[in-house]
Structures are given as structure tokens and as C-alpha cells.
Amino acid sequence: MKPFLFRAATRLVAGILVLGSVMAGNVALAITAPDEVVRTASNELQSDISKNYAKYQSDKGAFYSMVDTRILEYFDTQYIAQLILARNWQSATPDQRKRFEVAFKNMLIRSYADALLQYHDSVKAEIKPAQMAADATKATVNSNLIRKDGPPVPLAFDMRLKDNAWKVYDIKVENISLVTNFRSQVAAQVKTSSLDAVITKLESGQQVVAPVKAGGSAGSP
């Protein structure tokens with residue numbers, strides 16, 4: 001798949017990191033539907049970066065800090081870490097679990113944040129209504145990434161209801177699950193070394209796993 005498709009896909013992958021800003025301001029008694037959260041937050045994302053683009057370009061630390069805050073607000077990072085580690089989660093100590101959760105989150109920021117900043121105004125998200133039962137605790141929000149220079153890129157956000165808020169725990173780019181992709185890579189790394197060695201690599205900024213790209217494979221843009 002051509003590099004521009006990967007760049008566009010990673011833009012929205014990184015883009016939903018800021019969805020928490022919408023949920024933090026939701027004081028209604030009814031829980032906001034997951035597709036409405038995604039739709040409103042996508043608009044908020046583009047507005048925020050447009051207003052602060054020059055600042056973020058000159059101060060990447062401020063930009064990364066903003067992204068980090070949104071992840072903590074909106075992504076279920078503990079559940080993501082648990083899904084990726086799979087059976088290794090059971091044997092991990094509480095300290096290892098937390099270290100992996102934080103280190104993996106930071107790796108995602110390093111992998112996707114720059115693409116978010118660079119391509120924030122080049123694509124538009126078309127969010128589809130979520131189909132789910134009234135008492136559902138999990139939902140998938142499907143969307144298309146509309147581009148001016150190519151066909152739409154399908155993305156899906158797997159979400160679950162936690163503490164009365166919908167949080168993302170997986171993203172599928174062209175039906176390729178980020179969690180599944182990362183799980184297999186982390187498992188292979190743990191098998192050849194150890195969980196603690198993998199965590200240490202992540203903490204040192206090494207690219208232990210390759211970001212998923214459109215077209216069904218992992219790698220750099």
C-alpha cells in the first residue's frame with residue numbers, strides 16, 4: 001500500500017487520542033453514544049490543532065503532553081496492555097503491568113503523534129452510527145477516512161463502557177487490528193528474551209513493535 005495511505009490512517013489513529021476532551025465535558029445524565037463522542041471529538045481535534053498549530057510545531061513537548069493527556073482520559077490503557085500481553089499478563093507482576101502500560105502508551109505517542117500534527121487538515125472522518133443494544137457495554141464505531149486524492153480508508157474503533165464513559169481499547173485500520181498486530185510482535189519479543197527486557201526496551205525509546213499500516217502489514221511509512 002502506498003505511503004500516503006499509511007500516513008492518512010495513522011492520522012486518525014492518533015487523532016482519536018484527543019476524544020477525551022469531549023467526554024470530560026459531558027455532564028448529561030445520559031451517557032453519550034460512542035459514535036456521537038467520536039464524531040464531535042473529531043471536529044474538536046481539528047479545531048484544537050488548527051488553533052495551536054504554530055505552537056505545537058515549535059514546541060513538540062507541549063504537543064506530546066497534550067496527546068498524553070488525551071490518552072489517559074479516553075483510552076483504556078490498562079485493558080489495552082492486558083489484551084496485548086495476553087497470557088504474559090497473568091504472570092506479570094503489578095509493577096511490570098504498570099510499567100508496560102505506561103511504556104507502551106509512550107511508544108504509541110512516538111509512533112503516531114507526528115503524523116497527527118502533520119496531516120490533521122488533509123483528511124475528514126465520516127462516522128457511522130453505532131449499532132448496539134441499549135444495555136450494551138461494548139460497541140464498535142465504524143468510520144471512513146475521506147481523502148481528496150484517493151478512496152476512503154475504513155477504520156473501526158472498538159470501545160467499551162467503563163466508569164460510565166466509552167473508552168477505546170482497539171482500532172482496526174482496513175480490518176487490521178492494532179491490538180492483534182502488537183500482541184503477536186510483543187509475544188515474539190518476550191519469547192526470545194523476557195517481559196522485563198521488552199519493557200526496558202520500550203522505556204528506553206526503542207521501537208519494539210512496528211506500527212500497523214494500511215494494506216495489512218506493519219512497518220514504517
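The values are calculated or read from the model by the stated rules, or taken from the named source; none is laboratory data. Since we're looking at a predicted model, the values are computed, not measured. Glycine also receives a Cβ, built like all others from the backbone with ideal geometry; neighbour counts cover every protein chain displayed.
Somewhere in the stretch 81-91, is a residue among the aliphatic types (A, V, I, L, M), out of contact with any Leu (no Cβ under 8 Å at 6 or more places or on another chain), free of Cβ contacts under 8 Å to residues at least 40 places away in the same chain and surrounded by fewer than 17 Cβ atoms within 10 Å (Cβ to Cβ)? Checking the stretch 81-91: not a single residue is among the aliphatic types (A, V, I, L, M), out of contact with any Leu (no Cβ under 8 Å at 6 or more places or on another chain), free of Cβ contacts under 8 Å to residues at least 40 places away in the same chain and surrounded by fewer than 17 Cβ atoms within 10 Å (Cβ to Cβ). Selection within the stretch 134-181: residues that are out of contact with any helix residue (DSSP H, G or I) (no Cβ under 8 Å at 6 or more places or on another chain) and hydrophobic (A, V, I, L, M, F, W, C). The member of this set that is nearest to F104 (Cα to Cα) is I176. For first residues located in the stretch 144-164 and in contact (Cβ under 8 Å) with a residue 12 or more places away in the chain, partners that are buried (at least 18 other Cβ atoms within 10 Å of the Cβ) and of a type in the set (D, E) and lie 6+ apart or on another chain with Cβ distances below 7 Å form the pairs D158/D170; R160/D76; K162/D76.
Condition check: crowded, with 18+ Cβ neighbours inside 10 Å, touching a Leu at 6+ places or on another chain (Cβ under 8 Å) and either at pLDDT below 90 or assigned to a strand (DSSP E or B) (or both). Does A125 satisfy that? Lay out the reasoning, then the answer.
Values: crowded, with 18+ Cβ neighbours inside 10 Å: yes; touching a Leu at 6+ places or on another chain (Cβ under 8 Å): yes; either at pLDDT below 90 or assigned to a strand (DSSP E or B) (or both): yes.
Yes: the conditions hold for A125.
Scan the stretch 169-221 for residues that are modelled with pLDDT of 90 or more, basic (K, R) and crowded, with 18+ Cβ neighbours inside 10 Å and the total you get is 1. Report yes if some residue within the stretch 189-199 is under 17 Å from the mean Cα position of the chain (by Cα), within 24 Å of D68 (Cα to Cα) and not charged (D, E, K, R); otherwise report no. No, there is no match, as no residue in the stretch 189-199 is under 17 Å from the mean Cα position of the chain (by Cα), within 24 Å of D68 (Cα to Cα) and not charged (D, E, K, R).
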